[in-house]
Amino acid sequence: AGAGAGPALRSYPHSAVLDGAGAYRLRWGRRGSALALRLEVRTRGYVGFGLSASGGMASADIVVGGVERGQPYLQDYFTDENRVLKKDPQQDYHLDYAMENSTHTILAFSRELHTCDTNDKSITESTVRVIWAYHHKDMGEAGQNYHGSNRGTKSLRLLNPEREEVLPASLPYFDLTNKDVPVPDKDTTYWCQMFKIPIQHEKHHVTKVEPLIQKGHENLVHHILLYQCSSNLNDSVLDYGHECYHPNMPDSFLTCETVIFAWAIGGEGFTYPPHVGLSIGTAADPLFVLMEVHYDNPSYTEGLIDNSGLRLIYTPVLRKYDAGVIEAGLWVSLFHNIPPGMPEFVSEGHCTLECLEEALGAERPAGIQVFAVLLHAHLAGRAIRMRHFHNGEEQKLLAYDDEFDFNFQEFQYLKEERTILPGDNLITECHYSTVDRIRMTWGGLSTRNEMCLSYLLYYPRINLTRCASIPDIMEQLQFIGVKEIYRPVRTWPFIIKSPKQYKNLSFMDAMNKFKWSRSEGHSYNELVLKLPVNVRCSKTDNAEWSIQGMTALPPEIERPYKTEPVICSSSSCLSCSLFFTLLFVVHITASTIGNIGPFV
C-alpha cells in the first residue's frame, strides 16, 4: 500500500492483540523456513518482543527495536536465568521495515524457525509463550529504560495452518452468552451455564464458532469450553448457572462430557473446513450444551458483572459431511494418579485397537478423517502428544504440544487430514510436573486434579464418543505394599484391609501415606505404563460397544517418543541465502497520518 508500506499485510495472515488496551498488535505468517512478524505498537519509543518457556523474563529470547531520529534499530537479545538482558552474539532477527509516526511504531522482521543458536527458542507447532513490552523512550535515550507496566505475556500458536475460507456476512447465527454473571473477587472462577440449541426441527450446519467477549473484559475471560450434554435432560436445567466443579453444582452438569468447541485468550474462534459442519437440528444432534467460562481475576477486583459467551454461525446449505468428536485418552478417574515431587511423570491413555476395530468396523470400515485435535490436561500438565499406530507401525504424531499451557487450549488444525482405520491405536501421552506438590495428584474434574485427554474432530460422524482406558488399580496399590482390600466394595474410595500400616485407610489415604521419593516415583511410572488397561468404548448417551469393560494389554511402543531431528539455519547462512530484503525506512510526520490509515 504505497512506497512506505513495507511488506503487504497479506504476508501476515494471523494477528493478535497482545494487551487489553489494544496498544500492541502482533501480525505474523510463515515464510518458508522462517517466520515473518510485524509489530504495531502505540508508542514512539522502543518495542520489545520475545519468546519464553515460562512466560516470564528468565531465559527468554528477545528482540528490541524502534526508530530513533529517523534511524531504525533492531537488536537480538537473550536473558539468563536471573533475567539479565544480554546482547546475542548471533543476530538472528532480520529487519524488513521500520516506521514511526506521531502515535505508533511499526516493525517488520523475520527469523528462521530453528537458528542453531542456543540463546534462541526454536519455533514449533507447540504453544509459544510470547512476551511483549514497550516504552515511550527509545533504547538509546537512557540505556535500557524499564518498561514498567507496559508489558505482558500471551500464549499463541505461531505455526497454525492458515484458514482462508471467508463466510458470507449474511449467514444466520445464535448466541450463547452468560447473563449478568457476578464474577467473584478471587483469582480463578469457572462458571457453568446450560443452554438449549434453538435450532431443533430441521438440519443445519454450524460453520464457525466465534467468541463474544464483553468489552473491557478481554483479560478477565480466559477460556471458554462448550460441552455436549445428555439429550435426556429437560428445560428445568436451563434456569440458572453455577460455579463448575463445585460440590453443589447440579447433577445435570455431570452429563456434559464431550468438548465440541474450545476458545482461549488470544484465539479468534474456529472455522470448520468447507466440506464439514457441526450438525444441529436433528434427533442425533446436540440439544443441550454446557458453556464453561474461566474467569481470571488476579487483582481480586470486586463488582465485576460479565455477559460474555459464544456466537454459532450456521447455514441451511448443508455440507457434505457431519463433524463428530471423539474423546480419547485416560478415562477421568482416581485410577489415574501422579506421585508428588516429580519433575517428570508420564501418563498414557489408550484408544485401543480393540475399540477402533469394533466401532469403525461396524460403522465406517473405510475409516474416519481427523481434521483438528484439542489436547487437554490441567495445571500439572507440561506436554501432550497424540501418537498414532497403524498395523503396529508408528505414524507421524497426530498432534503435539511440548509447551502445554492450561490457559491456552484450542483445537489445532492438522496440516493434512489423517485417516484413522479399524485396528489402529491412538495413545494420548501426557507429561506432568508435580515438584511443587506434597500429596498425590488424582484424576478428576477440578483443576488441581488431572486429566489426559485428546478430543478428535473428524468426519463423517459415527456412533463413537469415547475411546479411552483405565489402568488396573490393584497392581498400582501392590507397588506401595497393599495386600488385601475389604470385599465386597461398599465405599468409594474403597478401604484397605492389610497390611497393618494401611488397615482401614482408603486407597487414596494409603497412597498419600507412602513415602514417595523420586526414584520410587520413576519405578512406579515404569510399572503403570506397562499395566493392563480397562477399555472404555462408548456410544452417545452412555450406550456402550461390546468391548467396553474388557481388559487389554497396552501395545509395546518405543519410549520416549523419538522426535524428528530439527534442521536449523545459522545466521551466517542467512546472509548468503536469498533473504535480501529491501528496507524502507519512513519517518512520517503528523501531517501525513491520514494517508496511511489506522494501525489497530
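The values are calculated or read from the model by the stated rules, or taken from the named source; none is laboratory data. Computed from a predicted model, the values in this text were never measured in an experiment. Here the Cβ is made from the backbone with ideal geometry for all residues, glycine too, and neighbour counts use every protein chain on show. Heads up: the accessible areas ignore ligands, DNA and RNA and are worked out on the full protein's heavy atoms, side chains in. Shrake-Rupley method; radii C 1.70, N 1.55, O 1.52, S 1.80 Å.
Computed values, structure above
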{"item": "Within straight-line cross-link reach of residue 515, lysines at Cα separation under 27 Å, skipping those fewer than 8 residues along the same chain", "result": "483, 497, 500, 503, 530"}
{"item": "Global form of the stretch 14-156, assessed from the alpha-carbon gyration tensor, a/c cut-off 1.5", "result": "rounded"}
{"item": "Debye log10 I(q)/I(0) for the chain, one point scatterer per Cα, at q = 0.05, 0.08, 0.11, 0.12 Å⁻¹", "result": "-0.24, -0.63, -1.16, -1.33"}
{"item": "With every protein chain in place, the chain: carbon and sulfur % of accessible area (1.4 Å)", "result": "51"}
{"item": "The stretch 14-156, dipole about Cα centre (Lys/Arg Cβ +1, Asp/Glu Cβ -1), debye to the nearest 20", "result": "440"}
{"item": "Anchor residue 215: aspartates and glutamates whose Cα lies under 13 Å away (excluding residues fewer than 8 positions away in-chain)", "result": "306"}
{"item": "Cross-link pairs 179/208; 121/154; 196/320; 415/539; 396/539; 86/121 - those with Cα-Cα distance over 19 Å", "result": "179/208; 196/320; 415/539; 396/539"}
{"item": "From phi via Karplus (6.51, -1.76, 1.60), per-residue ³J(HN,Hα) for the stretch 239-256 in Hz, x at Gly/Pro", "result": "5, 7, x, 7, 5, 6, 6, 9, x, 9, 5, x, 4, 4, 5, 6, 7, 9"}
{"item": "C-alpha long axis of helix 518-530 to longest principal axis of the chain, angle in °", "result": "70"}
{"item": "Probe 1.4 Å, protein heavy atoms only - accessible area per residue of the chain in square angstrom", "result": "44"}
{"item": "Of 135, 488, 245, farthest towards positive along the dipole that unit charges on Lys, Arg, Asp, Glu beta carbons give the chain", "result": "135"}
{"item": "Highest-first arrangement of 508-520, 532-544, where packing means the average Cβ count within 10 Å", "result": "532-544, 508-520"}
{"item": "Helix-derived mean residue ellipticity, 222 nm - over the chain, DSSP H n ≥ 4, -39500 (n - 2.57), to 500", "result": "-2000 deg cm²/dmol"}
{"item": "Net length gained if the chain between residue 546 and residue 300 were fully extended (0.36 nm per residue, minus Cα distance)", "result": "83.5 nm"}
{"item": "Nearest-ten-degree value, helix 353-363 long axis tilted from longest Cα axis of the chain", "result": "90"}
{"item": "Options 315, 176, 286, ranked by Cα towards positive dipole end of the stretch 162-322, top entry (Cβ charges)", "result": "315"}
